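Structure first, then comments.
The values are calculated or read from the model by the stated rules, or taken from the named source; none is laboratory data. In this text, all values refer to a predicted model and were calculated from it rather than measured experimentally. Counting neighbours? That spans all protein chains shown, and the Cβs are built from the backbone with ideal geometry, glycine included. With ligands, DNA and RNA removed, areas are computed over all heavy atoms of the protein, side chains included. Shrake-Rupley method; radii C 1.70, N 1.55, O 1.52, S 1.80 Å.
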Amino acid sequence: MLDYDYSTSYTKGETRMKWTKIHAEYFMAFPSFTLELEDRGLVLIQGKNLSSDKFESNGSGKTTLISAIVFALHGVTVGGLKGDEVVHRQTGKGTAVILEGVKGEDKYRIERYRKHSKHKNKVRVFLNDTEITEKSAKDTDKLIQQIIGMDYNTFVNSILFSQSGGAGRFSTASDAEKKALLENLSNLQVYTDAQTIAKEKVKQKDNEIEVKRREEEKIQWELSNVDSLEQQDKERYESTRVAIQQEEEKFENTKQAMNDHIQNNQHNVTGWINEVEKLKEQQDQLSSPTNPHTETVNELTSQLNELKGEQQKLNIQQNDLVTKYKKLGLQDTCPVCGNQLDTEHRDKEQASLVEQLRGILTQLNTINPEVERVQQQYNEAYTAYLEVKKQQDSIVTVHRDFSNKINHYNSLQQQYSNQLESYKSNLSAITSTLNRLKSFPEPTSRDEQRLAIKERINACKTAIVALQKERNILEDCVKIFSNAGVKSHVLDLITPFLNERANKYLGMLAGNDMEIKFSTQTPKKDGEMTEKFDVQLTNAVGGDSYKANSEGEKKRADLAIAQALQDLVVSRAASAFNIVLYDEVFDALDEIGAENTIAMLKEKQKDIGTILVITHNATLKNLFDKVITITKNPDGTSVLTEGAEIT
């Protein structure tokens, strides 16, 4: 790359993109047009505006014609319109722009649609009639950029010279903008991509180094803990030995306490067992007599309760009749029927009550003696029942005393057994503890562990050194692919080519009084040089800077720079075009300047194939090979008409 000869322009044997045809429907002011693009020569695009008597050619749609090409490639027009802004105003839908071209034996077709009935707002790309469109419009635009070999900014600064922006901005662009353009023209993006990859790999190596350093720190911590762990092993083992001694002493003490418990209580246990057997024999000899009066008492109780119930019922009826009788003598209203009482009525009611009372008294005279008789029988039977029950209660008391004594001796035996089982359980637990403690191994030396850890530390350090070397190599790559590295050297190789070509064209346009100088370094106040891309314009008979010159002189300089940039593009087969576009290129030029520009374009057309020039300067018409007329009709729509070749 560093040895590439930029003075060698494109030759016809190399493969470059040739755009063959542009077709548009309902694009801005055009209902439809088709324009052949291959080998058209130097073509004049002139206009006629029939929609207004205030304009002759302005507003006819000349720029719209070349905007269709720009829109097809980049999705934006010369004037910056994009999206639905390019849709035909009268129809409001159905916009389609289709650009066809060939590269070697491959055929390409780019299609852009807006508010289209079938294709909606899609952008589509075809290779040999096979669609290769990406999943998204953004990715498809990137694909188109790869196919044509340049982005929009590069295109409008090399292939297009427009009054509304483009190549003429290069002289006044910032250092960053100029560098970005030249990097794209010189295919320096590959170095930027390489630097990005190298930076990412540097970050990856930094992460790997950091991981290894943390690993080393962790291993160093393990090493520092080995002595501590070894001491802990000894302390734990010593603690285990002490615990074993304590448990053995505890075992012997518990065993002795159990033996003492058996020895001290063996005689008592035998006595408790014998006493329980003797008490049970005495308890079994006790017998409780059956009470023969129980049934009699129960029968008399039932009979007495029944008689007393009947007696109580008759007494209640008697009292009720007496109360009613008394009320008849005191009230004026009958308590029975509620009617007014007179003497006859009162006597009648009282006589009725007396008769009822007599029947109740008769029954009471019969039942009262019977109650007294049964009560007497009950009292005699109950007295006999109590005599027998007293004997039974005495026997129950003695039986209960025997049971209490038996339970007492059994409780003493249970307490003895529980204590004995407790001793046995404790001895079992102590035995398990001793077995576990005695299984604890003696502490061993950790020298092998130290050696293994040190080997791991050395391995980490070796790995870090290797990673650091790899990082340093990658860091060198970052510097090599930086702006101050290989890209700066490539730009240094480009500047002689640009200087030679720009001054060649400037000499054709302005003679030998003006000179252009591209430089990659600019002197600072202290005399040192700084990396800054710049374009200097000197004029022996004019201003000493670009801004100090007249509009015509600046226009000549811009044209010369644009031609030099175009030659740089043509020198690269990957992005070489067969068309160049000029919009109002003759503005601010006098007659001689315009004629010189035509001569320059004719010379360039030999390598390009097709140069489309928009101008309203009718005096230059005869200098072109062909004429295309754009006519805006009174209804506001534009129509393309191709004229005959000019001889």
*Which ones in the stretch 72-104 are in a loop (DSSP other than H, G, I, E, B) and of a type outside the set (Gly, Ala, Ser)?*
THR77, VAL78, LEU81, HIS88, ARG89, GLN90, THR91, LYS93
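Residue-by-condition table, conditions (1) β-branched (Val, Ile, Thr); (2) under 30 Å from ASN157 (Cα atoms):
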{"site": "GLN195", "(1), (2)": "no, yes"}
{"site": "GLU200", "(1), (2)": "no, no"}
{"site": "VAL226", "(1), (2)": "yes, no"}
{"site": "GLU252", "(1), (2)": "no, no"}
{"site": "THR270", "(1), (2)": "yes, no"}
{"site": "ASN274", "(1), (2)": "no, no"}
{"site": "ASN298", "(1), (2)": "no, no"}
*Among (1) assigned to a helix (DSSP H, G or I); (2) open to solvent by less than 90 Å² (accessible area, probe 1.4 Å), which single condition is LYS250 missing?*
(2)
*Residues LYS324, LYS280: which one is surrounded by 15 or more Cβ atoms within 10 Å (Cβ to Cβ) and charged (D, E, K, R)?*
LYS324
*For residues that are surrounded by fewer than 19 Cβ atoms within 10 Å (Cβ to Cβ) and of a type in the set (Ser, Thr, Tyr), scanning just the stretch 180-212, find the one that is modelled with the highest pLDDT.*
THR196
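Among the candidates SER239, SER288, SER302, single out the residue that is part of a loop (DSSP other than H, G, I, E, B) and either open to solvent by less than 60 Å² (accessible area, probe 1.4 Å) or of a type outside the set (D, E, K, R) (or both). Write out each step before concluding.
On the way: SER239 fails: part of a loop (DSSP other than H, G, I, E, B); SER302 fails: part of a loop (DSSP other than H, G, I, E, B).
Of SER239, SER288, SER302, the one residue that is part of a loop (DSSP other than H, G, I, E, B) and either open to solvent by less than 60 Å² (accessible area, probe 1.4 Å) or of a type outside the set (D, E, K, R) (or both) is SER288.
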*Look through VAL226, VAL297 and report the one residue that is out of contact with any strand residue (DSSP E or B) (no Cβ under 6 Å at 6 or more places or on another chain) and within 30 Å of VAL371 (Cβ to Cβ).*
VAL297
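Please verify whether ASP233 is open to solvent by less than 70 Å² (accessible area, probe 1.4 Å), closer than 30 Å to LYS487 by Cβ, touching a Lys or Arg at 6+ places or on another chain (Cβ under 9 Å) and of a type in the set (D, E, K, R), treating the condition exactly as stated.
Details: open to solvent by less than 70 Å² (accessible area, probe 1.4 Å): yes; closer than 30 Å to LYS487 by Cβ: no; touching a Lys or Arg at 6+ places or on another chain (Cβ under 9 Å): yes; of a type in the set (D, E, K, R): yes.
No, not satisfied.
Can you tell which of LEU361, LEU412 is touching a helix residue (DSSP H, G or I) at 6+ places or on another chain (Cβ under 9 Å) and over 18 Å from LEU314 (Cβ atoms)? I'd like the intermediate steps shown before the answer.
Working: LEU361 fails: over 18 Å from LEU314 (Cβ atoms).
Going through LEU361, LEU412 in turn, the sole match is LEU412.
Got a sec? Which of ALA381, ALA351 is surrounded by 14 or more Cβ atoms within 10 Å (Cβ to Cβ) and small (Gly, Ala, Ser)?
Working: ALA351 fails: surrounded by 14 or more Cβ atoms within 10 Å (Cβ to Cβ).
Of the residues listed, the single one that is surrounded by 14 or more Cβ atoms within 10 Å (Cβ to Cβ) and small (Gly, Ala, Ser) is ALA381.
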*Within the stretch 129-144, work out how many residues are among the polar types (S, T, N, Q), out of contact with any helix residue (DSSP H, G or I) (no Cβ under 8 Å at 6 or more places or on another chain) and surrounded by 11 or more Cβ atoms within 10 Å (Cβ to Cβ).*
1
*Quickly run through the stretch 616-626 and pick out the residues that are open to solvent by 10 Å² or more (accessible area, probe 1.4 Å) and either among the polar types (S, T, N, Q) or part of a loop (DSSP other than H, G, I, E, B) (or both).*
HIS616, ASN617, THR619, ASN622, ASP625
*What pairs come up if the first residue lies in the stretch 470-485 and is modelled with pLDDT under 85, the second is among the acidic types (Asp, Glu) and outside any helix (DSSP H, G or I), and their beta carbons are under 6 Å apart, counting only those six or more places apart or on different chains?*
ALA484/GLU531
*Which one of these does ALA176 not meet: (1) surrounded by 13 or more Cβ atoms within 10 Å (Cβ to Cβ); (2) modelled with pLDDT under 85; (3) of a type in the set (Gly, Ala, Ser)?*
(1)
*asked:* Return the residues of the stretch 387-430 that are modelled with pLDDT of 90 or more, among the aliphatic types (A, V, I, L, M) and over 19 Å from THR270 (Cβ atoms); say none if nothing qualifies.
replied: LEU427, ALA429, ILE430
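Kindly indicate whether any position in the stretch 443-454 is of a type in the set (Ser, Thr, Tyr), open to solvent by 30 Å² or more (accessible area, probe 1.4 Å) and assigned to a helix (DSSP H, G or I).
Checked the stretch 443-454: no residue is of a type in the set (Ser, Thr, Tyr), open to solvent by 30 Å² or more (accessible area, probe 1.4 Å) and assigned to a helix (DSSP H, G or I).
Matching residues to (1) closer than 30 Å to ILE244 by Cβ; (2) more than 60 Å from the chain's Cα centre (by Cα); (3) touching a residue at least 24 places away in the same chain (Cβ under 8 Å):
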{"position": "TYR385", "(1), (2), (3)": "no, yes, yes"}
{"position": "HIS399", "(1), (2), (3)": "no, yes, yes"}
{"position": "GLN414", "(1), (2), (3)": "no, yes, no"}
{"position": "SER422", "(1), (2), (3)": "yes, yes, no"}
*Within the stretch 104-114, restricting attention to residues that are touching a Ser or Thr at 6+ places or on another chain (Cβ under 7 Å) and buried (at least 18 other Cβ atoms within 10 Å of the Cβ), which residue is farthest from ASP635 (Cα to Cα)?*
TYR113
*Of the numbered conditions (1) open to solvent by less than 60 Å² (accessible area, probe 1.4 Å); (2) within 55 Å of the chain's Cα centre (by Cα), HIS489 fails exactly one; give the number of that condition.*
(1)
*Restricting the first residue to the stretch 22-38 and requiring it to be among the charged types (D, E, K, R), which pairs with a second residue that is at pLDDT 95 or above and open to solvent by less than 10 Å² (accessible area, probe 1.4 Å) meet a Cβ separation below 6 Å and a spacing of at least six or different chains?*
GLU25/ALA96
*Among the residues of the stretch 35-57 satisfying the criterion of being modelled with pLDDT under 80 and among the polar types (S, T, N, Q), which is surrounded by the fewest Cβ atoms within 10 Å (Cβ to Cβ)?*
SER52
